[in-house]
Structures are given as C-alpha cells and as structure tokens.
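Step one of this worksheet: look at the structure below.
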Amino acid sequence: MKRIVLVTGGSKGIGRAVVTAFAEAGDAVIVSCCRSLNEAEALRLELFPKNDAIFIEQANVADYAQIKRMINNVMEKHGRIDVLVNNAGITRDSFLMLMSERDWSDVIDINLTGVFNCSKAVSEYMISQRGGVIINIASLSGIIGLPGQTNYSAAKGGVIAFTKALAKELAHFGIRVNAVAPGVIETEIINSLNEKVKHNFLDNIPLKRFGRPDEVASVVRFLASQEASYITGETICVTGGLP
Amino acid sequence: MTDSIQKLKNLLITRLKLKVDADQITEDTQLFGPEGLGLDSIDVLELVVGIKKEFGVEISDRQTAEKVFTSVGSINKYIEENR
C-alpha cells in the first residue's frame, strides 16, 4: 500500500529533494506550498512519468485555520496521513540590534509555529490511525547558534525541543517524531553567496564540501521507514562533520 | 565642515580604535573594503551603539543600516536628518 506523505514547503530546496525521494520510492506525496505554486506544479510534472500520485495543496503554515483545512482536504481525498515532513521555513538574517520585530516574528511564525500547527492538525488523525511519523527539518543553527540568526536559531532550537517533547507524548500511539538538522546545504541561498564567503564556509566543514539536498532527503526517508522503528525524539545532524 | 562630521570622525577613531588621523577621513571615505576603513559587521554594531549615545539617533533595522553604513558621508547625512 502506498504511504501518504505530506511535505510542507515541498516545492524548493530541501523540501523538493524530500518530495522527490518519497515519490521515487513509490509513495503518494502531497506537496504543500504557500507562494511557490508554479515551482510545485513544475515538480509534479517532472515526477509524473515515474509517479502520478503527486498532489499540490496551497496553505500558509503560520495560519492554523488554513492548515486545518488542508489536512481535512487530504483526509477526505486520501483517507490517511502516514508521514508529515515539517520542512517549510524562511530566513530573515540580521544582527539582533538591527532585527525588526517583523523579522523576528515572521521567522518564529513560519519555522516554529508552523511546526506546531501542522503537527497538531495531523496528530488527531495519526492517533486514530494508531501510527504515523512526523519529521521536522531543524538546522545546525538551532544546535550551535549562528550570529545573525538569533530568530532562526531560536526557532530551530525550539523545533528540536518540540520534537523531543512531542515524541514522548505520541509514543504511546505508535507515532514517532524525529528531526533532521542540516548544515550548509547547496540551495539557492548558498549558490547566491560570493566565492570568498563560500570558501570561508568550506574551510570549516570537515568533509570540505557543502551537502546536497538529496543527502538530507535520504535521512528523512530513513527516519520515515520501518528501519528506523526504534528511533523517536532524536535529531540527526547532516552537517559534514560540523560542529 | 559641520560639527557633526567632526564628532562622527572622532567617534569612528575612538570607538573603533582606527589607526588613522581625522584629516585622512572625508565624507567620501567608504566604510568597508581595503580602499575604505576596512570595517566589519561587529564594527557596525559598535557604531550603532555609539551613534545612539553620541547623537541620540537610533538605527534599529537592517534596511536602514544597509542604507546608512556605506560611507562616512552617508552616516553623517542620516544623523543630520534624524537628530
């Protein structure tokens, strides 16, 4: 039986790689996105020859009413949700002294409250199903703290603590909750940096290269699989040896 | 030369411990890069605090900071407009 997998922020970057990994393994994947509908549709068409069970839902993770509506839609159409990957996220970097309240709250609302909203909305169904997997995409920034990212580090650190707490709440129902903490991954943001900044990053990474989105996706897939059946409340770093 | 630019030059030299004379700094002097004063992001935070203390002018968001912290003249202009 095909698993029903929901990936938030699934149209770009790491989310896109996660959608691709599940789709190539034959799962039915719901790509949730907020503003990147065109990218999501392009991804669906790209995957279509291999897997015609890719569906797109538009919702803002920061808005519980929208998420509740989306999850209800998914349940009506598919009847269950086996895997939720909370991937949607943004950065609004600046030093604390120059950070606007808006930059703080936007990052917290999407990266942390978004995880709360989606997890809460799916958990009632997963509890009824007596099973399911929730995987949160955290960040190295949430473990070591990075300058210029007090908002993002706080949100991602919050996601890691949330993961541990929710894992304990839901273990009784056969639901596992884990997190993946990527380091510096080749995405649009990294590609836009100048060569000197890239070089500085690389110098500090023991494996001397950036990670690829598919290297994060493979860990997400592992955590969603039966092979990880005894892992819950855990955060796995995919950081090339950092910190 | 306005009073504020002289005070600003002194603030730059003393707070950031720059090894240059005030005469060598003009309104066109850039803050970053080898051709300019070679400041870094930590220096900018030091300047934000110094400008608030010395001139009572607050810079508290990234967009304003990016606009203000380009040259000595751009800082001076912002101070004159907002003090």
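Read-outs throughout are calculated quantities, based only on the coordinates presented, and are distinct from any laboratory measurement. Remember, it's a predicted structure, so these values are computed and weren't measured experimentally. Using ideal geometry, Cβ is built from the backbone for each residue, glycine included, and neighbour counts are taken over all protein chains shown.
Taking the listed residues B:Lys17, B:Lys9, the one that is away from every other protein chain (no Cβ under 14 Å), among the basic types (Lys, Arg) and outside any helix (DSSP H, G or I) is B:Lys17, with no other qualifying. Among all residues of the stretch A:71-80, there is at least one that is farther than 27 Å from A:Gly142 by Cβ and of a type in the set (A, V, I, L, M, F, W, C). Considering the conditions (1) closer than 23 Å to A:Asp109 by Cβ; (2) of a type in the set (D, E, K, R); (3) within 14 Å of chain B (Cβ to nearest Cβ), A:Lys196 is excluded by exactly one of them, (1). From the list A:Met70, A:Met99, the one residue that fits, being in contact (Cβ under 8 Å) with a residue 12 or more places away in the chain, over 30 Å from A:Asn204 (Cα atoms) and either surrounded by 17 or more Cβ atoms within 10 Å (Cβ to Cβ) or among the aromatic types (Phe, Trp, Tyr) (or both), is A:Met70.
Of the numbered conditions (1) within 13 Å of chain A (Cβ to nearest Cβ); (2) exposed (fewer than 15 other Cβ atoms within 10 Å of the Cβ), B:Arg83 fails exactly one; give the number of that condition. Unmet condition: (1). Here is the figure for the stretch A:117-164: residues that are closer than 16 Å to A:Gln66 by Cα and either within 14 Å of another protein chain (Cβ to nearest Cβ) or surrounded by fewer than 18 Cβ atoms within 10 Å (Cβ to Cβ) (or both) total 1.
For the stretch B:42-78, enumerate the residues that are away from every other protein chain (no Cβ under 14 Å), in a helix (DSSP H, G or I) and within 21 Å of B:Lys17 (Cα to Cα). Of everything in the stretch B:42-78, those that are away from every other protein chain (no Cβ under 14 Å), in a helix (DSSP H, G or I) and within 21 Å of B:Lys17 (Cα to Cα) turn out to be B:Glu54, B:Phe55, B:Val72, B:Gly73, B:Ser74, B:Ile75, B:Asn76.
The single condition from (1) more than 24 Å from A:Val159 (Cα to Cα); (2) within 17 Å of the chain's Cα centre (by Cα) that A:Ala59 fails is (1). Of all residue pairs spaced 6 or more apart or on separate chains, those with beta-carbon atoms under 6 Å, a first member in the stretch B:58-74 that is without any contact (Cβ under 8 Å) to a residue 24 or more places away in the chain and a second member that is of a type in the set (Gly, Ala, Ser) are B:Ile59/B:Ala65; B:Asp61/A:Ser100; B:Arg62/A:Ser94; B:Val68/B:Ser74.
If the condition is being outside any helix (DSSP H, G or I) and loosely packed, with under 15 Cβ neighbours inside 10 Å, then the stretch A:34-53 contributes A:Arg35, A:Phe48, A:Pro49, A:Lys50, A:Asp52.
Kindly provide the set of residues from the stretch A:203-243 that are among the polar types (S, T, N, Q), part of a helix (DSSP H, G or I) and in contact (Cβ under 8 Å) with a residue 40 or more places away in the chain, ordered by number. Outline the logic, then answer.
Quick first cut of the stretch A:203-243, residues among the polar types (S, T, N, Q) only: A:204, A:218, A:225-226, A:229, A:232, A:235, A:239.
Still in the list and also part of a helix (DSSP H, G or I): A:204, A:218, A:226.
Of everything in the stretch A:203-243, just one residue is among the polar types (S, T, N, Q), part of a helix (DSSP H, G or I) and in contact (Cβ under 8 Å) with a residue 40 or more places away in the chain, namely A:Ser218.
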